[in-house]
Amino acid sequence: QVQLVESGGGLVQPGGSLRLSCVASGGIFRGFAMGWYRQAPGKQRELVADITSGGVPNYADSVKGRFTISRDNNKNTVYLRMNSLKPEDTAVYYCNLDLVVANYWGQGTQVTVSS
């Protein structure tokens, strides 16, 4: 059974940094894309960043230059380093694993950017 477990969220001041981690279990996923999405209150879930099996990243315009996605295939883990955080980055962040025939989501981790 595929499971995704996120960690690393929390409360941070504007301009601060956080690193999110997502560990996938239940298989070997080095051949598949993984990504991070977020959902703010009253808004739709949106893509933040994703990364191909080969390590090629893709970012939403709103986070380019501030966030960095990476993966460690040996650990079945994807990371999201978030710098220069803004209040508008406040949301629940979800990890995603795209197996083509199925999509899997983590339970989400809250990120709150506030002074």
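The values are calculated or read from the model by the stated rules, or taken from the named source; none is laboratory data. In this text, all values refer to a predicted model and were calculated from it rather than measured experimentally. Counting neighbours? That spans all protein chains shown, and the Cβs are built from the backbone with ideal geometry, glycine included. Heavy atoms of the whole protein, side chains included, go into the accessibility calculation; ligands, DNA and RNA do not. Shrake-Rupley method; radii C 1.70, N 1.55, O 1.52, S 1.80 Å.
Considering only the range 32-52, state which residues are part of a loop (DSSP other than H, G, I, E, B), of a type in the set (S, T, N, Q) and either closer than 13 Å to Val92 by Cα or in contact (Cβ under 8 Å) with a residue 40 or more places away in the chain (or both). Give the steps one after another, and end with the answer.
So the first thing to find is which residues in the range 32-52 are part of a loop (DSSP other than H, G, I, E, B), and the list is 32, 40-45, 52.
Retained after the next criterion (residues that are of a type in the set (S, T, N, Q)): 44, 52.
Scanning the range 32-52 gives a single hit, Gln44.
If you take the residues in the range 91-104 that are in a loop (DSSP other than H, G, I, E, B) and open to solvent by 40 Å² or more (accessible area, probe 1.4 Å), which one is modelled with the lowest pLDDT?
Selected residue: Val100.
It is to be established whether one or more residues within the range 67-77 are part of a loop (DSSP other than H, G, I, E, B) and of a type outside the set (A, V, I, L, M).
Checked against the condition, which is being part of a loop (DSSP other than H, G, I, E, B) and of a type outside the set (A, V, I, L, M), the range 67-77 yields at least one hit.
Given the residues Tyr59, Tyr94, Tyr79, which is the only one that is among the aromatic types (Phe, Trp, Tyr), touching a strand residue (DSSP E or B) at 6+ places or on another chain (Cβ under 7 Å) and free of Cβ contacts under 8 Å to residues at least 12 places away in the same chain?
Working: Tyr94 fails: free of Cβ contacts under 8 Å to residues at least 12 places away in the same chain; Tyr79 fails: free of Cβ contacts under 8 Å to residues at least 12 places away in the same chain.
The match here is Tyr59.
Please find, within the range 68-78, the residue that is modelled with the highest pLDDT out of those that are farther than 11 Å from Gly35 by Cβ and in contact with a Lys or Arg (Cβ under 6 Å, 6 or more places away or on another chain).
Thr68
Restricting the search to the range 18-31, which residues are surrounded by fewer than 16 Cβ atoms within 10 Å (Cβ to Cβ) and assigned to a loop (DSSP other than H, G, I, E, B)?
Gly26, Gly27, Ile28, Arg30, Gly31
Suppose we keep only residues that are within 26 Å of Ile28 (Cβ to Cβ) and either in contact with a Cys (Cβ under 8 Å, 6 or more places away or on another chain) or not in a strand (DSSP E or B) (or both) within the range 53-66. Which one would you say is least open to solvent (accessible area, probe 1.4 Å)?
Filtering first and then ranking leaves Gly55.
Collect the residues in the range 24-48 that are under 18 Å from Thr112 (Cα atoms), within 15 Å of the chain's Cα centre (by Cα) and of a type in the set (Gly, Ala, Ser), keeping them in residue-number order.
Ala40, the sole residue that qualifies.
Of all residues being more than 22 Å from Gly15 (Cβ to Cβ) and polar (S, T, N, Q) in the range 71-90, which is most open to solvent (accessible area, probe 1.4 Å)? Just the residue, please.
Only one residue tops the list, namely Asn74.
Please count how many residues of the range 82-110 are within 20 Å of Phe29 (Cβ to Cβ) and within 11 Å of the chain's Cα centre (by Cα).
9
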